[in-house]
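The values are calculated or read from the model by the stated rules, or taken from the named source; none is laboratory data. None of the values given here were measured: they were computed from a predicted structure. All Cβ positions, even for glycine, are placed from backbone atoms using ideal geometry, and neighbour counts span all protein chains on display. Quick note on the areas: whole protein, heavy atoms, side chains included, nothing else; ligands and nucleic acids left out. Shrake-Rupley method; radii C 1.70, N 1.55, O 1.52, S 1.80 Å.
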Amino acid sequence: MKKLQTPNIIIIALSILLALGFSVSAQNTGMVSVRFSNPQYDQTQRTYCLDVDLQSNVQGQRFDGMNVRFFYDATKMDFLNIANFHEGVGPVNPNPARVTEGAAWGYYLFNLESSANAVNGAVQVINPDNYVTIPTDGWMKFFEVCFEVKESIPVNEDFCPSVIWDLKTASGKGGFLTGSGGVVITTYGNNPSIKDGKRITASQHFNWEGYADQGTPPFGVPIQENCISLTGSVTGIESTDAKKFELFQNQPNPFDEFTEIRFTLPEASAAKLTFFDGTGKSIKLIEGDYAAGMNVVKVKSKDFHEVSTVLFYRLETPAHKSVFKKMIFLR
């Protein structure tokens, strides 16, 4: 019997793959990034919506579809829907998106004060004649995710809910829950008949910062970075209520030599400011007895020269605990 030559074996194998519906294309290592942006609030309906934007580092990538998996602070709002799609894009199964309640997820996985719920949905191109090219020189909105703000949320406070993509900071680590592949995006390249397959995805979370390469939970901290007013009024340190517990963003930020951190206490109390590096490790503690009302703590950059330039801090008293805030110093 004549021995089958290796090149013929390869040709036969490729033919079988094509016959079974598999596409054969060169390995593509491009990355598509996804983010939440542009918070919008409707006072009449109490609806809070975020844009979902995409950006690619490879030119000519046309959007095919993605799973829409994220967590949100369930103490502040309830998920409504995925809406306002880019032309040619629409929802697919599961539709409507599924919501799973996780009483312990918020605190255990994300350092939230209480519970977080998980959303699992998907969107896809629904008009094959109208593929959308993902830009490389900016962000493009593809759809919105919308929530209903809970009646219990005070309207006179800044609203900064955490919304967290199901994707760890470290590349290739997948989602936060066991067995989750995280956020997956598929695209088409220059040939619309050949799908490139799953893309390496990067995510920008909203009011939440992930620890770098953290292997065990919690995986990051909430931050007050993108805040809105539920009344439409402008808020800030100058107009704050000095009779409540509140931690403010350090000023200036970023800073080179020193920065000031302001906070208010409802009554005189012992308090401590704890600083953390990008892995969640505590690296500095400032504590003392502080007066009721406004207090100011000065922080010097020389105290952090051996650690990352991106830090987090939080304020604690025997009765209160703040969310985390992010500070940046320039070396």
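For a Förster distance of 22 Å, can you work out the FRET efficiency between the beta-carbons of LYS281 and HIS320, rounded to the nearest 0.05?
For LYS281 and HIS320, the calculated efficiency is 0.40.
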For segment 104-198: accessible area per residue (Å², 1.4 Å): 47
Pair MET31, THR216: separation of 7 Å Cα→Cβ label points (nm): 2.8
FRET E, pair ASN130, VAL58, Förster distance 25 Å, beta-carbon r, rounded to 0.05: 0.75
Protection proxy ranking of 272-281, 87-96 - average other beta-carbon atoms within 10 Å, highest first: 272-281, 87-96
Projected-area mean, segment 254-318, by convex hull of Cα positions, square nanometres: 4.4
Net charge over other residues, Cβ less than 12 angstrom from the Cβ of ARG46 (K, R count +1; D, E count -1): -2
Proportion of all alpha-carbon pairs of segment 282-322 beyond 15 Å (%): 51
Carbon + sulfur, % of accessible area of segment 246-293 - ligands and nucleic acids excluded, 1.4 Å: 48
Protein accessible area in segment 22-145, 1.4 Å probe - carbon and sulfur %: 43
Point-to-point label distance, ASP303-GLU257, nm (Cα→Cβ direction, 7 Å offset): 1.7
